[in-house]
Amino acid sequence: MQIKVENLKYTYSPKTPFEKVALDDISFTINDGDTIGIIGSTGSGKSTLCQHFNALIRISHGKIYVGEWELHAKKLNLGALRQAVGMLFQYPEYQLFADTVKEDVAFGPINFGKSKEDADILARYALELVGLDYDEIKDKSPFELSGGQKRRTAIAGIIASRPEVLVLDEPTAGLDPQGKKEILDLVTELKKSYVKTVIMISHNMDEIAEYCNRVIVLNDSKLLYDTTPRELFSDKEKLSLTGLEVPHAVRVKNLLEARGIVLQGTPLTSKEFVELFKGGAPCAK
């Protein structure tokens, strides 16, 4: 399902002393099947942009097409749109609310018109899909779960409604390195078997480099770049304008270059870096 953004503008508290331009004439297209990273400094407009995709923020200027939906239209089937575009907010475990895990995960399907029986079937499927034992945890309070289990339960609550697009706002925030890897590997598996398109906001450039095929860079409410991670992180001039950190592999490469060791190629991940040396990577001193 393609998402097309045309000349999108958004201003908080317009015509007041607190007026703040969050998005200024943004245009780009997300293709069906993309795993796209949305990056930029704090306050650059990332979350505001993504909250437009399922009309949590309604369009004031510009147009957005999400598959068959015209989000700029006056009349919009919000239920159908939000079923198709699932959104996971930062620290989603804080949004768990029901008495049991099963009730929490089944809430979305019931809200979108499924019977209780069908919603329970979808809840079982979603919980098992994210690697949780349904029979073991279905009757537990979500607040009894570990941090990683809570995050997986929150993801299950989104995918139980069978979205085509999954929007993730800092999906690994607050997790330890192992927990981060588990969540991102889970998202990769969901992408292979279940969700067609993934949109991910992240401040972690290693995550963007490893898991995304495209990256949108926002800066001070404007679209700075729409490119691939490899092109972005290989171009020092582009990076200098973003104010963002680079992936660890790129940082090590730059440190080697500062010492006169120039690698032929730009590894974006630690795995690529190791493979570059295992293969006898050519370099200049």
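Assorted remarks:
- Among the residues of the range 243-272, just one is at pLDDT below 80, within 31 Å of the chain's Cα centre (by Cα) and either closer than 11 Å to Ala209 by Cβ or of a type in the set (Val, Ile, Thr) (or both), namely Thr266.
- Qualifying residues in the range 1-26 (those that are part of a loop (DSSP other than H, G, I, E, B) and polar (S, T, N, Q)) - the one surrounded by the most Cβ atoms within 10 Å (Cβ to Cβ): Gln2
- Boolean, Asp118 is surrounded by fewer than 19 Cβ atoms within 10 Å (Cβ to Cβ), modelled with pLDDT of 95 or more and part of a helix (DSSP H, G or I): yes
- Residue match in the range 169-185 (condition: closer than 28 Å to Leu23 by Cβ and of a type in the set (S, T, N, Q)): yes
- Residue count for the range 179-195, restricted to those that are exposed (fewer than 14 other Cβ atoms within 10 Å of the Cβ) and in contact with an Asp or Glu (Cβ under 9 Å, 6 or more places away or on another chain): 0
- Gly43 satisfies every condition listed in (1) assigned to a helix (DSSP H, G or I); (2) touching a strand residue (DSSP E or B) at 6+ places or on another chain (Cβ under 9 Å); (3) surrounded by fewer than 19 Cβ atoms within 10 Å (Cβ to Cβ); (4) not hydroxyl-bearing (Ser, Thr, Tyr) except (1).
- Of all residues making up the range 88-115, the number that are crowded, with 21+ Cβ neighbours inside 10 Å and in contact with an Asp or Glu (Cβ under 6 Å, 6 or more places away or on another chain): 1
- When residues of the range 187-232 are limited to those that are acidic (Asp, Glu) and outside any loop (DSSP other than H, G, I, E, B), the one nearest to Cys50 (Cα to Cα): Asp226
Yes/no per residue for (1) among the aromatic types (Phe, Trp, Tyr); (2) closer than 22 Å to Leu184 by Cβ; (3) assigned to a helix (DSSP H, G or I); (4) touching a helix residue (DSSP H, G or I) at 6+ places or on another chain (Cβ under 8 Å):
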{"residue": "Ala98", "(1), (2), (3), (4)": "no, no, no, yes"}
{"residue": "Lys102", "(1), (2), (3), (4)": "no, no, yes, yes"}
{"residue": "Phe107", "(1), (2), (3), (4)": "yes, no, yes, yes"}
{"residue": "Leu122", "(1), (2), (3), (4)": "no, no, yes, yes"}
{"residue": "Gly157", "(1), (2), (3), (4)": "no, yes, yes, yes"}
{"residue": "Pro163", "(1), (2), (3), (4)": "no, yes, no, yes"}
{"residue": "Leu168", "(1), (2), (3), (4)": "no, yes, no, yes"}
{"residue": "Thr172", "(1), (2), (3), (4)": "no, yes, no, yes"}
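- Only a single item in (1) in a strand (DSSP E or B); (2) surrounded by 14 or more Cβ atoms within 10 Å (Cβ to Cβ); (3) free of Cβ contacts under 8 Å to residues at least 40 places away in the same chain is not met by Thr29, and it is number (2).
The values are calculated or read from the model by the stated rules, or taken from the named source; none is laboratory data. It should be emphasised that the depicted structure is a prediction, and the values quoted were computed from it without experimental measurement. We place every Cβ from the backbone using ideal geometry, glycine too, and count neighbours over all the protein chains shown.
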